[in-house]
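The structure appears below as structure tokens.
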Amino acid sequence: MSLPELLTALVGGNLVVLLLGGLILLTVFLGVRIVPQSEKHVVERFGRLRSVLGPGINFIVPYLDRVAHKISILERQLPNASQDAITADNVLVQVETSVFYRILEPEKTVYRIRDIDAAIATTVAGIVRAEIGKMELDQVQSNRSELISTIKESVEDAVVNWGIEVTRAEILDVNLDAATREAMLQQLNAERARRAQVTEAEGTKRAVELQADAELYAARQAAEARRVSADAEAYATEVVAKAIAENGLEAAQYQVALKQVEALTKVGEGAGKQTIILPAHAMDAFADAFKMLKGRG
């Protein structure tokens, strides 16, 4: 074999080896798939679903299988949406909503719905209108958490066939048109005025009741004082009667004379210079009292 023929054979052999090596590398490259933690890959074979690759190293059949879709499984938030709704008491409200979801089964999401975000937004809008239509405006304002829970459950039931999970549904705001807002403001002011009048009337009523209670208490206390005074007088009378019964008329006269002396003594205790006019029998009272005291001594 000549030198040119030998060189040609070597070059041809090396080319085959290079081509074979390149084919092997390409096969390995096509057959090994590394999927990130935040994704799932949908594999097709001849246009049909073959498998779903999870995070990590995966192997597929080269040249037959291909990764047709790379789906993120991270939680997503739909753009905030506003939709009009009419409450059960015929009030037009504008509701602003926000929905969070994530894809659990990419094969359903890929092959059953074209635009998942638009589909969820449409579903949420319909459910919000339906649920608010069952409630009056006051209930929408006061039972917002219950309304959110109901909307979330209804959306989950509606999208279960799309392979997604609704993680959160929020009602960000409930707005009213200007006319309704003005009417509600007037109603609120009227209600405040009514409550103020009721409070004032209740205060007046309570004051009257307290005044009546105070007067009744005073009357009861006065009656009790009269009763005690009467009991004291009766007791004193009883003592005098008992003394008369036991000691005769002399004891009674002694008590009367003693009282007269005490009364005259109090009159004489006044401050300043004054003239005391005594009745004629006053001195007799003193004399009688002294005589009785001397006699008792």
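Would you mind checking which residues have amide H under 5 Å from R76's amide H? H placed 1.01 Å from N; only 5 or more apart, or other chain.
Excluding prolines and chain starts, which carry no amide H, the hits are Y101, R102.
Along the Cα→Cβ direction, 7 angstrom out, place labels at R48 and A232. What is the inter-label distance in nm?
11.8 nm
Considering the dipole of the range 76-176 built from charges on the beta carbon (Lys and Arg +1, Asp and Glu -1) around the Cα centre, which of G126, V160, Q83 is farthest to its positive end?
Farthest along the dipole direction, towards plus: V160.
By per-residue mean of other Cβ atoms within 10 Å, what is the highest-first order of 46-57, 188-199, 93-104, 166-177?
For the peptides 46-57, 188-199, 93-104, 166-177, the packing ranking is 93-104, 166-177, 46-57, 188-199.
Taking 8 Å as the Cα distance limit and 6 or more residues as the minimum spacing, I'd like the relative contact order of the range 124-241 as a percentage.
Across the range 124-241, relative contact order equals 16 percent.
What's the exposure ranking of I113, I34, going from fewest to most Cβ atoms within 10 Å?
I34, I113
FYI, it's all coordinate maths here, none of it is from the lab. Predicted, not measured: the structure shown is a model, and the values here were computed from it. Heads up, the Cβs are rebuilt from the backbone with ideal geometry, glycines too, and the neighbour counts pull from every protein chain shown.
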